[in-house]
There are 2 protein chains.
Amino acid sequence: MGEVNIKKLACELNLSAATVSRALRDSHEISTETKIRVLEMAKRLNYEPNPFASSLRRQKSKTIAVIVPEIANNFFSLAINGIEEVARERDYHVLIYQTHENREIETSFLNRLLSGRVDGILISLACEDVDKEHIEKISDQVPIVFFDRVDDDIEGVKITTDDYESAYNAVQHLIENGCKKIGYLLALNSLSTGKKRLKGYLDALKDKGLPDDKQLILKSSANNDENHTLIKNFIAEHRPDGILSSIEELAMPCYYACNELGLNIPNDLKLISFSNLAHAQLLNPSLTTINQPAFEIGVEAAGILFKIFNKRWYEPNETIILKSNLIKRESTRGFTII
Amino acid sequence: MGEVNIKKLACELNLSAATVSRALRDSHEISTETKIRVLEMAKRLNYEPNPFASSLRRQKSKTIAVIVPEIANNFFSLAINGIEEVARERDYHVLIYQTHENREIETSFLNRLLSGRVDGILISLACEDVDKEHIEKISDQVPIVFFDRVDDDIEGVKITTDDYESAYNAVQHLIENGCKKIGYLLALNSLSTGKKRLKGYLDALKDKGLPDDKQLILKSSANNDENHTLIKNFIAEHRPDGILSSIEELAMPCYYACNELGLNIPNDLKLISFSNLAHAQLLNPSLTTINQPAFEIGVEAAGILFKIFNKRWYEPNETIILKSNLIKRESTRGFTII
């Protein structure tokens, strides 16, 4: 794949591939002026020569990169642990990178990973609109496996959970425990992951004969600091008796908002959240969660990446779906009839 | 600094520096056999040539590495956010790496970061015994700034908090609220950070006239899965009426242990923990914490690193100490006299 890039560079520069190759190796046969031209074009086209990528021997970086929106998230830190376990067995290092849900940061970092810095990439996409073309361009050069936050429009292996069913079951549980006005905290709506969760929510309402009121869907901010106020205002104005939070970052703001509004969880409002909040059990009240098999997702995603490295068989456009669990706790407790 | 290494390689190989340099550039003037010898020695001595480190121009990687024991830790994820904020302003990327408290993993990763992969390193040390010599060898080649988990024996800039005073004040608070038998959950004891926290605990006991009973100090495991049982047995056997946990990973196991032993926090046992547990306020009961200024530590540490990059003045062996805060909550509430 290095060769292809040198050819591309050569073509763009109207030079021979041999000249480009020598320039990149800082050969004395090439003038400084040409070297600068080559390096500038290499930079512009995101080509980064690997010191060991010469024909002398094909050294691997023995490093994989994991790109996630946030590390301060129990789901992602567990998934990373799963990835690391697989990598460690194969003597690979794992670099972690967080995008803070910012597409520009994600893109810029992906560019840096091209050509030899890492052997492969595991990515959970930021929630802004995906630049499909750019990601596919990168995956032509470095193997990429997608996990959890995926986009079905992008080609590649994807490891997800049963997002639709999980949201559907959560809403059904809220209804069974007496909720009639269920709010939804929306996130990831530009990704397939988010769309499926939303659809699960809407379909459950419909199947149970509850109206779907657009006002009960709160679009969260990518900036978490804003979500506390957004959620507090949302609860105060619409007074839902149940809430499904589509990501874990939005669950704690519900607790703070209810405390401030003098509302009791679960009596005034029942709450369920995606996904692996570490100490959901110790909260006051303990929180009902949709637990994704985060560690297993990491193991599975890394396993596929190593299959790609080792040229073992895998289905190039497969989506592997692991099941989540609804863990019922105090925050959704129904009324007890004595 | 590249030159020094090429000289070292040349010396080890009994070759001229020019030959080594050409071999590393894959020059046609050098035989394949020699190239292999040079690359093997380069690998053995942890020398990794930077493709852009030639005299043509000194390209920076524009990347810094942050090495922390765990990312699933509120202190570290906040500190990383602080580091990223500073890096972003300067258009630098931040790679994150977790060592899981394992010295071998830490060392192996540090070796990979030598010579051009990153421009600098921010590290919070794993809690196993430090290999002082190795870290100093690396810091000769890549600027390193230490934060939070530091070792005073290693030369370098260090950003810490007032660990001694924080532990002292925490114990004093427990005593003021009625505790007479205060346990200490020990971690980091191979590092200055841990030693200062322990000394703060011991001195506070002494100053307040409480005996220091070695049995009330529980040495935690680096493997978090084991700590739950260790702590449960410790509480069951010694029945402390107060506990100071020296790291946040040990606080939640205390909650679970008390639940299982039928002990009430704070009535039977009062609990304080280092450090920034995100939702300490929402726990049942809410947890008294020693909050370290984690974000600020990150900002400060990254700021020093950029001073080093820009050759601006800094004190090469300075320890910068930021103050922590004791946030009193329900878990240490004293008896109310009516």
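Being aliphatic (A, V, I, L, M) and either free of Cβ contacts under 8 Å to residues at least 40 places away in the same chain or away from chain B (no Cβ under 12 Å) (or both): is that true of A:L78 here? Spelling it out, it is not the case that A:L78 is aliphatic (A, V, I, L, M) and either free of Cβ contacts under 8 Å to residues at least 40 places away in the same chain or away from chain B (no Cβ under 12 Å) (or both). Listed by first and then second residue, the pairs with beta-carbon distance under 7 Å, at least 6 apart or on different chains, first residue in the stretch A:51-73 and among the charged types (D, E, K, R) and modelled with pLDDT under 90, second crowded, with 21+ Cβ neighbours inside 10 Å and in a loop (DSSP other than H, G, I, E, B), are A:K62/A:Y92.
As a summary of the residue check, B:I247 satisfies the conditions (1) closer than 15 Å to B:L218 by Cβ; (2) at pLDDT 95 or above; (3) β-branched (V, I, T); (4) within 16 Å of the chain's Cα centre (by Cα) except for the one numbered (2).
Just one of B:N276, B:N267, B:N317 is polar (S, T, N, Q), assigned to a loop (DSSP other than H, G, I, E, B), under 24 Å from B:P69 (Cα atoms) and more than 14 Å from chain A (Cβ to nearest Cβ); which is it? On inspection, the qualifying residue turns out to be B:N317.
Looking across the stretch B:131-170, the residues that are buried (at least 21 other Cβ atoms within 10 Å of the Cβ), out of contact with any strand residue (DSSP E or B) (no Cβ under 6 Å at 6 or more places or on another chain) and farther than 18 Å from B:T319 by Cα come down to B:A167, B:Y168. Per this entry, B:Y256 is counted among residues that are over 23 Å from the mean Cα position of the chain (by Cα) and on the phi < 0 side of the Ramachandran plot. Of the residues making up the stretch B:180-202, not one is crowded, with 24+ Cβ neighbours inside 10 Å and free of Cβ contacts under 8 Å to residues at least 12 places away in the same chain. For the stretch A:88-145, the candidate set comprises residues that are polar (S, T, N, Q) and closer than 22 Å to B:K62 by Cβ; within that set, the residue that is modelled with the lowest pLDDT is A:S115. Among the listed residues A:A251, A:A236, A:A302, which satisfies the condition of being part of a helix (DSSP H, G or I) and surrounded by fewer than 16 Cβ atoms within 10 Å (Cβ to Cβ)? From the options A:A251, A:A236, A:A302, the qualifying one is A:A236. Quick check on the stretch A:279-299: of everything there that is out of contact with any strand residue (DSSP E or B) (no Cβ under 6 Å at 6 or more places or on another chain) and part of a loop (DSSP other than H, G, I, E, B), which residue is farthest from the other protein chains (Cβ to nearest Cβ)? Selected residue: A:L287. Taking the listed residues A:L122, A:L113, the one that is under 11 Å from the mean Cα position of the chain (by Cα) and among the aliphatic types (A, V, I, L, M) is A:L122, with no other qualifying. Check off (1) out of contact with any Pro (no Cβ under 9 Å at 6 or more places or on another chain); (2) more than 30 Å from B:D152 (Cβ to Cβ); (3) modelled with pLDDT under 95 for B:G334 and give me the number that stays unchecked. Checking B:G334 against (1) out of contact with any Pro (no Cβ under 9 Å at 6 or more places or on another chain); (2) more than 30 Å from B:D152 (Cβ to Cβ); (3) modelled with pLDDT under 95, the one that fails is (1). Can you tell me which residue within the stretch B:83-112, out of those that are facing another protein chain (nearest Cβ under 10 Å) and in a loop (DSSP other than H, G, I, E, B), is farthest from A:E70 (Cα to Cα)? Among those that are facing another protein chain (nearest Cβ under 10 Å) and in a loop (DSSP other than H, G, I, E, B), it is B:N102.
For A:S331, state whether it is assigned to a loop (DSSP other than H, G, I, E, B), surrounded by 17 or more Cβ atoms within 10 Å (Cβ to Cβ) and in contact (Cβ under 8 Å) with a residue 12 or more places away in the chain. When the stated conditions are applied, A:S331 does not pass them. Scanning the stretch A:7-25 for residues that are surrounded by 18 or more Cβ atoms within 10 Å (Cβ to Cβ) and within 22 Å of A:L113 (Cα to Cα) yields A:L9, A:A10, A:V20, A:S21, A:A23, A:L24, A:R25.
The values are calculated or read from the model by the stated rules, or taken from the named source; none is laboratory data. Treat the numbers as computed from the prediction; the structure is a model and nothing was measured. Methodologically, a virtual Cβ is constructed for each residue, glycine included, from the backbone with ideal geometry; neighbour enumeration extends over all protein chains shown.
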